[in-house]
Amino acid sequence: MGIALSLARKGEGKVSPNPMVGALLVKNGKILARGYHRCFGGPHAEIEVIRRAREKTRGSTLYVTLEPCSCFGKTPPCTQAIIKAGIGKVIAAILDPNPINSGKGIEELKRAGIETEVGVYEKEAREINEVFFKFMKKKIPFVIVKAAASLDGKIATQTGESKWITGLEARKLAHEMREKVDAILVGVNTVIRDNPSLLPPSKRNFLRIVLDSRLKIPLEARVLKEQIKAQTIIFTTPRASKEKLARLKNKGVKVVIVERGDEERVSLEEVLLELGRLKILTLLVEGGGEIIGSFFEKRHVDKVFLFFAPRIIGGKSSLTWVEGKGVRILSQTPRIEVRSFKKIGEDLLVEGYVK
């Protein structure tokens, strides 16, 4: 099962909105075939190993990191292929959280006389697909905050200079993170100040999200270009300029009007619900500090990737990576369960979950 979990991870960033799944077929103590779900719409892991094992599948044991599907989707149900292949036993790490299939796949296999077992490496299997499990439960994206700052938490000097705080290796790794998510989100002030393109290195079906309550975004902003590589969606409020709205739509930019939240800003709850309807499972929030602060205040952050450069910028007016209202007392602070510290060149990467 450990091998199957390692195989599953190879599908990261390629299978969404499906879960990552790995599988092995074993017979007489020997591995017949290995496989994983490679891309959305492609064969599931179970189908891949059955095809690779060919006629040797009868009486074998299938190890799979998620309960096999029993319903038609982009592909036929895996349970029928397992039964047809004559597999004698199926060991699944965890049940499918999708209510359409949850428990039904295992029951179908049992009715066909196949021995089943569930719960081997369950914790690890859940963690690998933490994004999928959250989406199935809440129908909103798994939110990752990524920031690059000095050791004293600054993302720019008091004059606004921000390129580059971290080194080349850290910036390269941060850019590659976009390959593993479905969408990236920034506030309009970041667009005005930094004019980023927000494009991933090579990923397709990628969304760029801008929160802009009054449509202040410049019409020549880089994030509005190259819509073929990555579509841009602007979330705004009814207070936005109707003229600017029409001009953006004429450029082929999708603008979604949502209710106003705190301080006349775009409602984060409405944004997340709309992204959920669009089957966006992972959202990378890159700033600025006010936007990140809002996500923390509303308790919408699941995970953080924080890059710290060995610099001290200082200055009361220098921007920090998380701003907003902040908390009044320490007991209200979101706690970070730190999972790892890594040295990336001269910089430090802190990875953790928000509790």
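Just checking, does the stretch 55-62 include any residue being under 29 Å from K203 (Cα atoms) and either surrounded by fewer than 24 Cβ atoms within 10 Å (Cβ to Cβ) or modelled with pLDDT of 95 or more (or both)?
Let us first name the residues in the stretch 55-62 that are under 29 Å from K203 (Cα atoms), namely none.
No, there is no match, as no residue in the stretch 55-62 is under 29 Å from K203 (Cα atoms) and either surrounded by fewer than 24 Cβ atoms within 10 Å (Cβ to Cβ) or modelled with pLDDT of 95 or more (or both).
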Among (1) of a type in the set (F, W, Y); (2) open to solvent by 30 Å² or more (accessible area, probe 1.4 Å); (3) in a strand (DSSP E or B), W164 falls short only on (3)
Checking the structure you have, find out if any residue of the stretch 336-346 is surrounded by 17 or more Cβ atoms within 10 Å (Cβ to Cβ) and touching a Phe, Trp or Tyr at 6+ places or on another chain (Cβ under 8 Å). yes
| request: Tell me, yes or no, whether the stretch 70-89 has at least one residue that is of a type in the set (V, I, T), touching a residue at least 60 places away in the same chain (Cβ under 8 Å) and assigned to a loop (DSSP other than H, G, I, E, B). | output: yes
Counting only residues that are more than 26 Å from the chain's Cα centre (by Cα) and either at pLDDT 95 or above or among the hydroxyl-bearing types (S, T, Y) (or both), the stretch 63-80 contains a total of 1
The number of residues in the stretch 75-87 that are open to solvent by 20 Å² or more (accessible area, probe 1.4 Å) and of a type in the set (G, A, S) is 1
Check your understanding: Does V143 qualify as being part of a strand (DSSP E or B), closer than 30 Å to G293 by Cβ, of a type in the set (A, V, I, L, M) and within 22 Å of the chain's Cα centre (by Cα)?
Key -> yes
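Condition first: farther than 18 Å from F133 by Cα and open to solvent by 30 Å² or more (accessible area, probe 1.4 Å). Can you find one or more residues in the stretch 88-98 that meet it? Quick ask: steps written out before the conclusion?
Residues of the stretch 88-98 that are farther than 18 Å from F133 by Cα, as a first pass: 88-91.
With the extra rule that they be open to solvent by 30 Å² or more (accessible area, probe 1.4 Å), the set shrinks to 88-89.
The answer is yes, given that some residue of the stretch 88-98 is farther than 18 Å from F133 by Cα and open to solvent by 30 Å² or more (accessible area, probe 1.4 Å).
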Listed by first then second residue, the pairs whose first member lies in the stretch 41-55 and is under 17 Å from T65 (Cβ atoms) and aliphatic (A, V, I, L, M), whose partner is open to solvent by 30 Å² or more (accessible area, probe 1.4 Å) and not in a helix (DSSP H, G or I), with beta carbons under 6 Å and at least 6 positions apart or on separate chains, are A45/Y36
Of the residues in the stretch 302-318, those that are under 30 Å from the mean Cα position of the chain (by Cα), of a type in the set (A, V, I, L, M, F, W, C) and either outside any strand (DSSP E or B) or exposed (fewer than 15 other Cβ atoms within 10 Å of the Cβ) (or both) number 0
How many residues of the stretch 320-332 are part of a loop (DSSP other than H, G, I, E, B), open to solvent by 50 Å² or more (accessible area, probe 1.4 Å) and over 18 Å from R265 (Cβ atoms)? The answer is 3
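Yes/no per residue for (1) surrounded by fewer than 17 Cβ atoms within 10 Å (Cβ to Cβ); (2) under 16 Å from the mean Cα position of the chain (by Cα); (3) not basic (K, R):
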{"position": "L173", "(1), (2), (3)": "no, yes, yes"}
{"position": "K180", "(1), (2), (3)": "yes, yes, no"}
{"position": "V186", "(1), (2), (3)": "no, yes, yes"}
{"position": "P200", "(1), (2), (3)": "no, yes, yes"}
{"position": "Q227", "(1), (2), (3)": "yes, no, yes"}
{"position": "I233", "(1), (2), (3)": "no, no, yes"}
{"position": "T236", "(1), (2), (3)": "no, no, yes"}
{"position": "V253", "(1), (2), (3)": "no, no, yes"}
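The values are calculated or read from the model by the stated rules, or taken from the named source; none is laboratory data. None of the values given here were measured: they were computed from a predicted structure. Here the Cβ is made from the backbone with ideal geometry for all residues, glycine too, and neighbour counts use every protein chain on show. Side chains are part of the model used for accessible areas, which takes the heavy atoms of the whole protein and leaves out ligands, DNA and RNA. Shrake-Rupley method; radii C 1.70, N 1.55, O 1.52, S 1.80 Å.
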